[in-house]
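Here is the structure we will look at.
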Amino acid sequence: QVRLVESGGGLVQAGGSLRLSCAASGIVFSLAVMGWYRQAPGKQRELVADIIRVGTTNYADSVKGRFTISRDNAKNTVYLQMNSLKPEDTAVYYCRGSYFGNEYWGQGLQVTVSS
């Protein structure tokens with residue numbers, strides 16, 4: 001059974017930082033493409049960042065220079081370091097794993113940035 005368990009969301013003031021974590025089980029983590037998505041109220045879910053392997057990353061334009069995605073294959077965990085947070089970053093953040101043609105999602109984390 002594949003599980004993605006997220007942690008680290010919460011409330012932060014604008015300009016602050018948060019780090020999200022997503023621990024995976026049930027897959028060979030090093031072979032999975034991992035990503036973070038978010039969905040704000042009334043909007044579609046969008047890609048924030050993904051990481052194919054260490055050093056191969058992709059970011060939405062809106063977060064470039066502020067967010068950093070990383071992975072620790074020894075811990076089966078992917079991280080999203082979010083700095084210089086803005087109110088428009090407020091959303092539910094989801095971890096996604098893509099593994100041999102299948103996709104898996106975490107339960108979602110609320111991130112709220114107050115102005």
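The values are calculated or read from the model by the stated rules, or taken from the named source; none is laboratory data. None of the values given here were measured: they were computed from a predicted structure. Backbone-built Cβ (ideal geometry, glycine too); neighbour counts: all protein chains shown. Ligands, DNA and RNA are stripped out before the accessible areas are found, and what is left, the full protein with its side chains, is counted by its heavy atoms. Shrake-Rupley method; radii C 1.70, N 1.55, O 1.52, S 1.80 Å.
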Task: Any pair with Cβ under 9 angstrom, 6 or more apart, that starts in region 73-91 at a residue that is touching a residue at least 60 places away in the same chain (Cβ under 8 Å) and crowded, with 19+ Cβ neighbours inside 10 Å and ends at one that is of a type in the set (A, V, I, L, M, F, W, C) and part of a loop (DSSP other than H, G, I, E, B) - done: LEU85/ALA14
TODO: Starting from residues that are assigned to a strand (DSSP E or B) and out of contact with any strand residue (DSSP E or B) (no Cβ under 6 Å at 6 or more places or on another chain), keep the ones in region 65-102 and report whichever is modelled with the lowest pLDDT.
DONE: TYR99
TODO: Kindly provide the set of residues from region 36-45 that are closer than 13 Å to THR90 by Cα and open to solvent by less than 70 Å² (accessible area, probe 1.4 Å), ordered by number.
DONE: TYR37, ARG38, GLN39, ALA40
- [ ] Would you point out the residue of region 51-64, among those that are of a type outside the set (Val, Ile, Thr), out of contact with any helix residue (DSSP H, G or I) (no Cβ under 9 Å at 6 or more places or on another chain) and modelled with pLDDT of 95 or more, that is surrounded by the fewest Cβ atoms within 10 Å (Cβ to Cβ)?
- [x] ASP61
- [ ] Give region 31-43 a look and list any residue that's outside any strand (DSSP E or B) and closer than 17 Å to TYR99 by Cα, or say none.
- [x] LEU31, ALA32
- [ ] Scan region 44-57 for residues that are without any contact (Cβ under 8 Å) to a residue 24 or more places away in the chain, outside any strand (DSSP E or B) and not β-branched (Val, Ile, Thr) and jot them down.
- [x] GLN44, GLY55
Task: Selected residue (criterion: farthest from MET82 (Cα to Cα)) from residues of region 13-27 that are open to solvent by 30 Å² or more (accessible area, probe 1.4 Å) and assigned to a loop (DSSP other than H, G, I, E, B) - done: GLY26
Open item on the list: So, in region 103-115, how many residues would count as being in contact with a helix residue (DSSP H, G or I) (Cβ under 6 Å, 6 or more places away or on another chain) and at pLDDT 95 or above?
Closed with: 1
- [ ] Being hydrophobic (A, V, I, L, M, F, W, C), buried (at least 21 other Cβ atoms within 10 Å of the Cβ) and at negative phi narrows it down to one of VAL33, VAL48, so name that one.
- [x] VAL48
